[in-house]
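What follows is one structure encoded as structure tokens, with my remarks underneath.
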2 protein chains.
Amino acid sequence: MTTQQPVPEERRPANRGPKAAAHNRAALITAAREIFAVQGLDAPLSAIARRAGVGQGVLYRHFPDREAIAAAVLERNVREIEGAAAVTGATLAAVLGVVTWHQTQSAAFIGLLHAAGMNDRADTRAWSRKLSERVGNALRNCLPAGHRLSADDLMLAIAMVSGAATGPTPQERERRAVAAWRLLGITVGPVRSFEDE
Amino acid sequence: MTTQQPVPEERRPANRGPKAAAHNRAALITAAREIFAVQGLDAPLSAIARRAGVGQGVLYRHFPDREAIAAAVLERNVREIEGAAAVTGATLAAVLGVVTWHQTQSAAFIGLLHAAGMNDRADTRAWSRKLSERVGNALRNCLPAGHRLSADDLMLAIAMVSGAATGPTPQERERRAVAAWRLLGITVGPVRSFEDE
């Protein structure tokens, strides 16, 4: 009877082909986002592998260095914001709630993007501008006609809220981010991730 | 006749006692602020010594490491804001103009302070909080009674403008900072240093 019994999920080798590789990659990005949110961008990569339930070799196969995994987290963040904006009937407030959730989770990245703004490396600047343009396009699609703010104003407002969203814990960063939107007089829907929907 | 002629200022040895030491220290802080504003916080310290017109030995005598000179620049920035607020009849707009000048000059520091907000090192956090409290106290003194914003709101607004004041040049950072104050509906006087008065 035991001959047909499948190997329990947790006993299988971590990498078993393209499907498992995609699964591992996704798990590593989720783990990196959580670890960076709490410990900052210089968190040990071994903590990310452990949280994702894979060996460090698997991590390095997907992401050769820290910059590569940080870039993958930012790319997923932008994709989730685009996803939230693409929902039928998405309101500006709801999409800004998702943007704000990412800001409070990814405070570690804000210093990085600031540094990119000062950076001589044209490729880093171009990449950071491209991500920012994608967020701008997503917001433009749910900006009601005749809104007092232009899409450029909204992008500036997001940078402003990023500046406010500091603090040692995600909770404190969310409290400050929400207060910042209030100072700007901009209504922001529930602060939450888009995946949770 | 030439026996009484003083040695030209620029030919004198750089360090000639307590007065010259204070002069060198001040010149190094000014030079560091200018170099950091253009090249970022990882600018070579040799460029700072050269700009200040002193040898690297003099720099290291005053500032044992990069953190020490960065801290001295921030300390002087805060002191200038306090000075602007202490002027008789100082308006909130005028003091915020000085705050904004420092934000556009010291963009390199903003990432640093962001990192401090995430930082585990209690001494860095305490020091950054103390500087922030001094700016808060200076602003409180020129906040008109019944202003729509509390002193805490103003400090949050300053953090927000810091988030917006990014870009490769001080000019671009000033343009964005001024636009950010406008979004907040807060009037800000001329953007300038306090020493220039």
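The values are calculated or read from the model by the stated rules, or taken from the named source; none is laboratory data. Just so it is clear, the model here is predicted, and its values are computed rather than measured. No Cβ is skipped: glycine too gets one built from the backbone with ideal geometry, and neighbour counts run over all protein chains shown.
Worth pointing out:
- Single condition B:D42 does not satisfy, out of (1) modelled with pLDDT under 95; (2) part of a helix (DSSP H, G or I): (2)
- Residue check for B:A180: in contact with a helix residue (DSSP H, G or I) (Cβ under 7 Å, 6 or more places away or on another chain), surrounded by 18 or more Cβ atoms within 10 Å (Cβ to Cβ) and closer than 27 Å to B:A68 by Cα: no
So that you can scan it fast, the table gives a plain yes or no per residue for (1) in contact with a helix residue (DSSP H, G or I) (Cβ under 9 Å, 6 or more places away or on another chain); (2) over 19 Å from B:A177 (Cβ atoms); (3) of a type in the set (K, R):
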site: B:V54; (1), (2), (3): yes, yes, no
site: B:A71; (1), (2), (3): yes, yes, no
site: B:L74; (1), (2), (3): yes, no, no
site: B:R79; (1), (2), (3): yes, yes, yes
site: B:E82; (1), (2), (3): yes, yes, no
site: B:T88; (1), (2), (3): no, yes, no
site: B:A93; (1), (2), (3): no, no, no
site: B:W101; (1), (2), (3): yes, no, no
site: B:Q105; (1), (2), (3): yes, no, no
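- Test: residue in region B:36-50 that is crowded, with 19+ Cβ neighbours inside 10 Å, in the same structural domain as B:L184 (by TED's automatic domain parsing) and of a type in the set (F, W, Y): no
- Enumeration of residues in region B:138-158 that are within 14 Å of chain A (Cβ to nearest Cβ) and part of a loop (DSSP other than H, G, I, E, B): B:H147, B:R148, B:L149, B:S150
- Only one of the listed residues (B:A107, B:A14) is modelled with pLDDT under 80, in contact with a His (Cβ under 8 Å, 6 or more places away or on another chain) and surrounded by 16 or more Cβ atoms within 10 Å (Cβ to Cβ). That residue is B:A107.
- Test for A:A126: is it in a loop (DSSP other than H, G, I, E, B), modelled with pLDDT under 90 and more than 9 Å from chain B (Cβ to nearest Cβ): no
- Region A:75-94, residues that are assigned to a helix (DSSP H, G or I) and more than 13 Å from A:R134 (Cβ to Cβ): A:L92, A:A93, A:A94
- A single member of A:V95, A:V161, A:V135 is modelled with pLDDT of 80 or more, more than 12 Å from every other protein chain (Cβ to nearest Cβ) and closer than 30 Å to B:Q39 by Cβ, and it is A:V135.
- Qualifying residue in region A:51-60 (condition: aromatic (F, W, Y), modelled with pLDDT under 95 and outside the structural domain of A:A165 (by TED's automatic domain parsing)): no
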